[in-house]
Amino acid sequence: MIKKLICVVLAAFIAISASTSCGISKAERSENVVYVYNAGEYIDPDLLDQFTAETGIQVVYDEFESNEIMYPKIESGAAVYDVVCPSDYMIEKMIKKDLLQPIDYSKIPNIKNIGDYYIEQSRSFDPEHKYTVPYCWGTVGILYNKTMVSEKVDSWDILWDEKYKNEILMQDSVRDAFMVSLMDLGYSCNSLDHDEIEAATERLKAQKHLVQAYVVDQVRDKMIGNEAALGVIYSGEALYTQSQNPDLEYVIPKEGTNLWLDCWVMPKNAKNVENGLKFLNFLCDAKVAAKNFEYITYSTPNEACRDYIEDEDLKNSETAFPDLSKYTNLETYHYLGDTADKYLNGMWREVKSY
Amino acid sequence: MRKPWKSLSKKTRALAAPYFVWSVGFIIIPLIIIFFYGFADANGHFTLSNVASIFSHVNLKALIISMLLSFLSTFVCLLIAYPLAYILAEFGHGKSSLFAFIFILPMWMNSLLRTIAWQNLLEKTGLINTILSFFHLPTMMIINTPWAIVLGMVYDFLPFMILPIYNTLSRLEIDYANAARDLGANGWQTFWKITWPLSLPGVISGITMVFVPSLTTFVISDILGGGKILLIGNIIEQLFTQDNDWNAGAGLSIVLMIFIVISMIITDKYDKEDATKK
């Protein structure tokens, strides 16, 4: 409550200073607008113009770097967005914290294009399928450089191989880093068991002297630039990196990995609900989804769009559309609760300061 | 002479008003908020645990590493900046402002970009190593180590050391040095007895201006340290953004503020002692 109040005071200050300096753009002044909050580099920017051209609705588009950075802005109400695109476990948290409003699917006829498989998957964090419109999905795996790694890569174990000292890039994100360690040890990536988490922490500490750097988006550029031999990366980035550097190969380790699903949701305090629904319906359109896929190359749950993908390589890509039935141990992240989150964050800092 | 607020004319008061609003709105209120969070738990009850968390193993280690790296980079900056400022002030009359300008020029570019540029230079397949391996020289692997962070700090903050020293040195009366020489002092004696003490105010403000940003940085360690070295700034940043734990973040910020205030008191004291000596 106090946090909210302070945020409102701060927001008021910023608003006053912004408005007195004429900082309000045309879009924000007009009524017909939709506020979109998406992860970084996660949409074909042309589509935003196309949406405005088709509907006359201005898009105010903001980006966030991680789910964790997005969350406090929505929670405090410091920023009001109509549609936001978080990941599975974060959506679960937002539902539990009562931050989302149910979506009126009758206003999104194009949702029929989304495969039933993905709607089912979304029920693992949105059990009644009330709040979410699936947007992109994928796995977390190992991207390796075939010229530097000659052996067969099929296990997370290779990230602990002394041979690759200073050649390994790890994800600088709590859940992904612990997922690698936990699943390599044969545990669940949603483990709440302190012994298991401690074992995973020790394993990450033991890995640290082999790690070149803990990075997020930079894994992509560093792997393209032959800076490292192995990197932990999201499947959606794999296609792009391969197009830039054909020596790179993506694998899903045999111990299993995280299967993630990012969905659009509407925060409770959204102001332009109708426009938000129009925007989501637009994104679910098969042609739009195909165009978007070709730009961002993250696997799309939009099954109808496969026919509209022009690039044959992308259309038939094993990386973008893997046969998931081949993999037995794919797990979706769950919200672990505030106490467990805090515990994991503390453990992660211990690894990084080790 | 300071005048009481009430005795000021209406015009003066009106002129001061914007600064008053600014300092209240953007300095005092945010500080109060930081202190409020720092001494409260998640439910808003008073607690000292946020501030005391500096003694946890991870936080203490981060603070100590931050202090060591900041001391080192401040020292290196001083070593580089003083002779340079001296040469600029002493020998470059007329042209010196151009040279000083050249050293200040990088400040006009965003410091984040300059740090990323260093990352590209130092990387395994970066420019420096490409050139070194072209000549079959051993490659340099300092990226993602503390040395890269010190290099980044020195590069980013060097102008803040050069400028104040150059300013004090260029305003020194040449007569003082001439008088010392007339009285038989040699070059070194003149420097140690006359020039150095008189330039101390510039040196001290240079030290503060390098030490404080070095102590609080989190960008340089993130980019050049590869996320493998946590400075106290990184911990505070992560508490705010990743953990969404504003209380712990604010608590550590207060601790850091205490260290900064201490360093300013020390430098201020030296400054005053120096003034009274004169």
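Normalised by the number of residues in chain A, what is the relative contact order in percent for Cα pairs under 8 Å and 6+ residues apart?
Worked out over chain A, it gives 26 percent.
Mind checking the angle between helix A:67-76 and chain A's longest principal axis? C-alpha axes, 0 to 90 degrees, to the nearest 10.
So the helix axis and the longest Cα principal axis differ by about 30 degrees.
What list do you get for B:Arg13, A:Arg175, B:Arg114 if you sort them by fewest beta carbons within 10 Å?
B:Arg13, B:Arg114, A:Arg175
Calculated FRET efficiency, A:Asp323 and A:Glu128, Cβ-Cβ r, R0 45 Å, to nearest 0.05?
So the FRET efficiency works out to roughly 0.95.
Using a ≥ b ≥ c from the Cα gyration tensor of the stretch B:53-277 (square roots of the eigenvalues), is it rounded, prolate or oblate, where a/c under 1.5 gives rounded and otherwise the larger of a/b and b/c decides, a/b for prolate?
Since a/c reaches 1.5 but b/c is at least a/b, the shape of the stretch B:53-277 is classed as oblate.
From the phi of every residue in the stretch A:77-90, what ³J(HN,Hα) in whole Hz does the Karplus formula 6.51 cos²θ - 1.76 cosθ + 1.60 yield, where θ is phi - 60° and glycine or proline is x?
Along the stretch A:77-90, the couplings run x, 5, 10, 10, 10, 8, 9, 10, 10, x, 8, 2, 5, 6 Hz.
So which of A:Lys146/B:Lys124; A:Lys163/B:Lys124; A:Lys146/A:Lys352; B:Lys193/B:Lys272 end up more than 25 Å apart, counting from Cα to Cα?
A:Lys146/A:Lys352
Express in whole angstrom the spacing between the alpha-carbon centres of the stretch A:203-222 and the stretch B:177-246.
Using only Cα atoms, the two centres lie 31 Å from each other.
Determine the dipole magnitude for chain B: charges of +1 sit on the beta-carbon of Lys and Arg, -1 on that of Asp and Glu, nothing else is charged, the reference point is the Cα centre, and the result goes in debye to the nearest 20.
Rounded to the nearest 20 debye, it is 940 debye.
Provide A:Glu249, A:Glu310 in ascending order of the number of other Cβ atoms located within 10 Å of each residue's Cβ, fewest first.
Least crowded to most crowded, the residues run A:Glu310, A:Glu249.
If you average the alpha carbon positions of the stretch B:1-61 and of the stretch A:62-85, how far apart do those two centres end up, in angstrom?
So the separation of the two Cα centres works out to 27 Å.
Name the residue farthest towards the positive end of the dipole of the stretch B:53-277 from the options B:Ser253, B:Leu169, B:Ala185, assuming +1 on Cβ of Lys and Arg, -1 on Cβ of Asp and Glu, about the Cα centre.
B:Ala185
Distance cut-off 24 Å, Cα to Cα: go down the list A:Lys254/A:Lys342; A:Lys96/A:Lys271; A:Lys93/A:Lys130 and report the pairs above it.
From A:Lys254/A:Lys342; A:Lys96/A:Lys271; A:Lys93/A:Lys130, over 24 Å: A:Lys254/A:Lys342.
In whole Hz, with x marking every Gly and Pro, tabulate ³J(HN,Hα) for the stretch B:61-76 from phi via Karplus 6.51 cos²θ - 1.76 cosθ + 1.60, θ = phi - 60°.
4, 4, 5, 5, 4, 4, 4, 4, 5, 5, 4, 4, 5, 5, 4, 4
Among A:Glu75, A:Glu120, which comes first, then next, by fewest other beta-carbon atoms within 10 Å?
Ascending Cβ contact count within 10 Å gives the list A:Glu120, A:Glu75.
Between B:Gln189 and B:Leu172, what is the label-to-label distance in nm when each label sits 7 Å out along the Cα-to-Cβ direction?
Each label point is offset 7 Å from its Cα along the Cβ direction, giving 1.7 nm.
Which of A:Thr300, A:Thr257, A:Thr201 moves most in a GNM of chain A, Cα contacts under 10 Å?
Among A:Thr300, A:Thr257, A:Thr201, the largest mean-square fluctuation in the Gaussian network model of chain A belongs to A:Thr201.
For the stretch B:39-51, just list the computed ³J(HN,Hα) in residue order, Karplus coefficients 6.51, -1.76 and 1.60, θ = phi - 60°, integers in Hz, with x standing in for Gly and Pro.
These are the phi-based 3J(HN,Hα) values: 10, 10, 8, 4, 9, x, 8, 5, 7, 9, 5, 5, 5 Hz.
Have a look at B:Phe20, A:Leu159, A:Gly40 and report the one farthest towards the positive end of the charge dipole of the protein assembly as shown, computed about the Cα centre with Cβ charges (Lys/Arg +1, Asp/Glu -1).
B:Phe20
Top mean-square fluctuation among A:Ser122, A:Ser106, A:Ser235, Gaussian network model of chain A, C-alpha springs under 10 Å?
The residue with the greatest mean-square fluctuation here is A:Ser106.
Which one, B:Phe103, B:Phe157, B:Phe20, has the greatest fluctuation when you compute a Gaussian network model over chain B with C-alpha springs under 10 angstrom?
Answer for the Gaussian network model of chain B: B:Phe20.
Just how far, in whole angstrom, is the stretch A:119-191 from the stretch A:255-313 if you go by their alpha carbon centroids?
Spelled out, the Cα-based centre of one part sits 22 Å from the other.
What is the set of long-range amide H partners of A:Val33 at a cut-off below 5 Å, with H atoms built 1.01 Å from backbone N?
Those lying under 5 Å, H to H, from A:Val33 are A:Gln58.
Every number in this text was worked out from the coordinates using simple rules, so none of it is lab data. Since we're looking at a predicted model, the values are computed, not measured. All Cβ positions, glycine included, derive from the backbone under ideal geometry; neighbour counts span all protein chains shown.
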